[in-house]
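J.: There's a structure below that I have some questions on.
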Amino acid sequence: MRLPSFLFVLMLATIAAVHADNSRVDVGAAVVDGSIRNFYLAIGEYYRVPEREVVVIRARHIPHQEVPVVLYIAQKSHVDPGVIIDLRLREKSWMEISLQFGLGPEIYYVPLREVSGPPYGNAYGHYKHTPKHQWKNIELDDDEVVNLVNLRFISGYYKYAPDAVVRMRSGGKDFVVINEDIRRAKAKFRDARRGNERGDDGDHKDKEGHKNRKSRGDD
């Protein structure tokens, strides 16, 4: 269940007060930067975890774009996110953590029409040139895992074409910005559709698309 805005801000402020200075600055920025909060909200809704849990993960020095990785591995391995965070803070790579729970590189694959160049080209080159039954032998670095998990999360949450997300990422945008761009585009589309359903002058339309003025007494 989503926390009211003032509780969310209060929680961020509380976490900021009890953590190190670098954590205070970063978490505090989330209060000001609405795009970061929207990113957290989307993560919480997609992975079906309370918003406060997303904030707590970030407060443990997990970078914004790695929070989805924590939740993805935790859900796939059926362990508490805190276990994943502890392993990560011991400087284990994301692949080492995955393999510890019997999760191979195949869990990170997202089907795409075509991809080349950074930051996805190298990882998809591995998948393309390795027989599927040997994908367990593929080695992904941390950046590749982060890019693939966020690709899955954002395209899945917004029902947005993965190839379009890849193009945005290849253009240099980070996932907080990508999330905000898609969120705004989706909101704009919904508003436009509602406007079309009402009609340009605010009249509602019936199922055949004819304007209905009865509610305004314009018989």
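The values are calculated or read from the model by the stated rules, or taken from the named source; none is laboratory data. The structure displayed is predicted, hence computed values, not measured ones. For neighbour counting, all protein chains shown are included, and Cβ atoms are generated from backbone atoms with ideal geometry for every residue, glycine included. Side chains included, ligands, DNA and RNA excluded: accessible areas come from the protein's heavy atoms. Shrake-Rupley method; radii C 1.70, N 1.55, O 1.52, S 1.80 Å.
J.: Which condition number does Asp86 fail, the rest of (1) open to solvent by less than 70 Å² (accessible area, probe 1.4 Å); (2) over 20 Å from the mean Cα position of the chain (by Cα); (3) within 20 Å of Glu139 (Cα to Cα) being met?
T.: (3)
J.: Every residue in region 86-106 that is closer than 14 Å to His126 by Cβ and without any contact (Cβ under 8 Å) to a residue 40 or more places away in the chain, please. Step through it out loud before you land on a result.
T.: Here is the first cut: in region 86-106, the residues closer than 14 Å to His126 by Cβ are 95, 104-106.
Across region 86-106, the qualifying residues are Gly104, Pro105, Glu106.
J.: Still on this structure, I have one more. May I ask you to list the residues in region 116-140 that are surrounded by 12 or more Cβ atoms within 10 Å (Cβ to Cβ) and among the charged types (D, E, K, R)?
T.: The one that is surrounded by 12 or more Cβ atoms within 10 Å (Cβ to Cβ) and among the charged types (D, E, K, R): Lys136.
J.: Residue pairs, Cβ under 6 Å, 6 or more apart or interchain, first in region 44-72 and over 15 Å from Asp143 (Cβ atoms), second surrounded by 19 or more Cβ atoms within 10 Å (Cβ to Cβ) and of a type in the set (Phe, Trp, Tyr). List them.
T.: Tyr46/Phe153; Val54/Tyr40; Leu71/Tyr47
J.: Continuing with this model, one more query. Kindly indicate which of Asp203, Asp163, Asp143 is modelled with pLDDT under 90 and surrounded by 13 or more Cβ atoms within 10 Å (Cβ to Cβ). Before the answer, list the steps.
T.: Numbers: Asp163 fails: modelled with pLDDT under 90; Asp143 fails: modelled with pLDDT under 90.
Asp203 is the lone residue from the list that is modelled with pLDDT under 90 and surrounded by 13 or more Cβ atoms within 10 Å (Cβ to Cβ).
J.: Out of the residues in region 19-36 that are buried (at least 19 other Cβ atoms within 10 Å of the Cβ) and within 20 Å of Arg184 (Cβ to Cβ), which is modelled with the highest pLDDT? It would help to see each step written out before you state the result.
T.: Step one: of region 19-36, the residues buried (at least 19 other Cβ atoms within 10 Å of the Cβ) are 27, 30, 36.
Next, only the ones that are within 20 Å of Arg184 (Cβ to Cβ) stay: 30, 36.
Values: Ala30: 39, Ile36: 93.
Step by step, filter region 19-36, then rank; the result is Ile36.
J.: Starting from residues that are acidic (Asp, Glu) and closer than 23 Å to Pro63 by Cβ, keep the ones in region 89-115 and report whichever is surrounded by the fewest Cβ atoms within 10 Å (Cβ to Cβ).
T.: So in region 89-115, the residues acidic (Asp, Glu) come out as 91, 96, 106, 114.
When the remaining residues are screened for being closer than 23 Å to Pro63 by Cβ, the result is 91, 96.
Working: Glu91: 7, Glu96: 13.
Once the filter is applied, the top-ranked residue is Glu91.
J.: Turning to a different aspect of this structure: Would you pick out the residues in region 166-200 that are of a type in the set (Val, Ile, Thr), open to solvent by less than 30 Å² (accessible area, probe 1.4 Å) and touching a residue at least 40 places away in the same chain (Cβ under 8 Å)? Before the answer, list the steps.
T.: Initially, region 166-200 is screened for residues of a type in the set (Val, Ile, Thr), giving 166, 176-178, 182.
In the following step, the residues that additionally are open to solvent by less than 30 Å² (accessible area, probe 1.4 Å) were identified as 166, 176, 178, 182.
Val166, Val176, listed by residue number.
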